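Notes follow once the structure below has been shown.
Taken together, the values in this text are just the output of simple stated rules run on the coordinates, not laboratory data. Predicted model, so just to flag it, every value in this text is computed and none were measured. Counting neighbours? That spans all protein chains shown, and the Cβs are built from the backbone with ideal geometry, glycine included.
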Amino acid sequence: MAAPGAQCASAGVVVARLLPLDERADALDARLDLPRGGDRGDRPRGGRLPRAEVSEFDASPEVIVLGAGPAGLSAALWCASLGLSTLLVEAQREVGGQLRVIPYALENVPGIASIEGVTLAEVLRSQAISQGATVRSGVGARLDAASLRVHFDGVAEPLSPRAVVIATGVRRRRLGVPGEDEFLGRGVAFNIGREPERLKGARVVVIGGGDDAVEHAHLAALHARSVTLLHRGERLSARPALRTAVEAHANVTRRPRMRIEAIEGDAAVTGVRAHGPHGAERIEADVVFVCVGPEPVSEGYGVATDAKGYVRVDAQGRTSREGVFAVGDVCSAEAPTIAHAMGSGSAVAKAIRAMDGGTRSAVAVVRGASDRLGLRGISLPARIGAYPREKGRQQTLTFDLDFDVDAARAATADALRDTIDYAAVTEAIAEIIARQHYNLIETVAEVVATTILARFPTQRVRVRVTKPGVPQRRAAAVIEVERSRG
C-alpha cells in the first residue's frame, strides 16, 4: 500500500515512500536490543481473523467488516453513516493495520499535509464510532464458506448479516528458504519499524529489488554500518526517486542476480547464503529484511480470485459471492494506496445500502436457476500416464468446461470482470498441467475443477478431460467431474 514521504537527508530529495505492508516492528535482532516477540503482523490464512475470544455481541448487525486497516475503517464509517448497523472486527490488538508501522509521517494522504499513521488510524476509528459503528479488536472471526454467517471465537451462535466486507489486506510474501522462519524475531524481519535508529552499527541485508526493498535499504543506511541489497534481476525495479536516494549512500552495496538459498545463524542471524554470478557465497549480517512483495490475505472466503490470489471485484466492490464485498489491498494489486483503500470503503458502503432497495431498478426480471457458459476444445500438452511407456513424454489432453454464470449481471456493465475470462482459464489449466507428471486424468480433472472454483466467479463447474491414444488399443479415455461451492 503506497503512502508517505520520508526526507532523504543524503540525497536531498523527498521520497514518496511505500506504506509498510503488515509486519510489526518487533521482529528484529535481539542483540541490537530491538523489540522481540509479540505480534509480528503475520496475517491469517483460511478465511478467519484469529485472536482473543469474546463472550457475546448485543445484536446481529446488517454489515460485518473483517479487517480494520484504512479500507475497513472507511467501509465501517460509511456504512454506519448511511444508517446501516455495522460491526468492524480486527484480528490484531489495535486497529489501523499497516498504518501502525509506518516510521515517518504520511505526506500524500489527500487533504492532509502530514499525519502519523497511528494518528490517522485513531482518527478513522473515532469517526467510525461517532457514526454508530461497533469496533472490536483482538477478535477471532471466520466467514462460513457456504452461507453468509460469521463465526466468532467464544461465541456460541454465529451472526448473519446482510453483507460481509473483506478488508483483510495483504501480508509479506515469504522466501521459503531454510532459516527464514527459524530466525524470525532473531534478526529476520519484514519491516523496519518505527525506530530505524536501532540499527546503528548493524550489518544489514535487504532482500528484494522493488520499491519496498530499496526504501528499506535507504532507511537502514541512515543508521547501519553497512547495507547489502540482494536482488534477483540485473536491475532494480524500484521507482527512480527511490533508486537515486539509495545510490547516494556510500555504505550500500547492490548485488544483482543473487538467489537466496538460506538464512543462517546460531542464537540469532549471522549471515545469508546465496548463489550469484560467481557461485555460492555467504554474506555476513546481523539483520535481514525480507522485502520480496506482498500477497493478498484471501484464502477461505469462497470468493473468486485472480492468478495471484487477489479477490475479483466489480466497480462496487462486489465479489463472486452474493452479499460478500471486498475493499482495499486484498482486491487491489494495481493501486494499493491509502487513498484508494478509503475510497473503496465508501463505494462498497453505498453498494450495500442499495441492497436495501433504495436505488435498485423496479423492473422485475424472471430468470432460470442459472446461466451456463461453455468452453470447448482446449488442447494442451501434458505429462500424463501411469504406464511405463508414458513416462518421460508428453501427450495432448483436451478440456471441455461448463460454468454457472450470471449473464444478467455481466450484461449490466458488459464487463469481463463479471463473467469468465476465457484466456485466464486456459492459462490456469496450462499452469496446472505444467507443474508435474500426473498419473491419472482423474487427478487433473479434480485439480482443474477446484482451482476454477477458487479463482473464477462461478458457483459450479463441469470439467471434461479427454486423453486420446492411450496404450489400450489406441482408445480414448474420458473423465468428467462436476464441482460446486459449499
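One table, with the values for the structure above:
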{"read-out": "Candidate lysines - alpha carbon under 23 Å from Lys391, same-chain residues fewer than 8 apart omitted", "value": "Lys467"}
{"read-out": "Alpha-carbon gyration tensor eigenvalues x 5, square-rooted, for the stretch 371-484, Å", "value": "30, 13, 11"}
{"read-out": "Spatially proximal lysines relative to Lys350 (Cα-Cα < 29 Å; intrachain offsets below 8 disregarded)", "value": "Lys308"}
{"read-out": "Neighbour-count ranking [beta-carbon atoms within 10 angstrom, fewest first] of Ser332, Ser346, Ser160", "value": "Ser160, Ser346, Ser332"}
{"read-out": "Electrostatic dipole magnitude of the stretch 155-270 [Cβ: Lys, Arg +1; Asp, Glu -1; Cα centre; debye, to 20]", "value": "380"}
{"read-out": "Sequence-separation-based contact order of the stretch 371-484, relative, with Cα cut under 8 Å and 6+ spacing, percent", "value": "28"}
{"read-out": "Amide N proximity, the stretch 430-446 versus Lys391 label position 7 Å along Cα-to-Cβ, cut-off under 14 Å", "value": "437-439"}
{"read-out": "Rounded FRET efficiency, nearest 0.05, which uses the C-beta distance separating Ala280 from Ala307 and R0 of 35 Å", "value": "0.60"}
{"read-out": "Which of Arg435, Arg203 has the fewest Cβ neighbours within 10 Å, and the rest in rising order", "value": "Arg435, Arg203"}
{"read-out": "Whole-Hz ³J(HN,Hα) from phi, Karplus 6.51 cos²θ - 1.76 cosθ + 1.60, for the stretch 245-262, glycine and proline x", "value": "4, 6, 5, 7, 8, 6, 8, 9, 10, 9, 10, x, 6, 10, 10, 7, 10, 6"}
{"read-out": "Per-residue Cβ neighbour rank within 10 angstrom, fewest leading, Tyr310, Tyr387, Tyr301", "value": "Tyr387, Tyr310, Tyr301"}
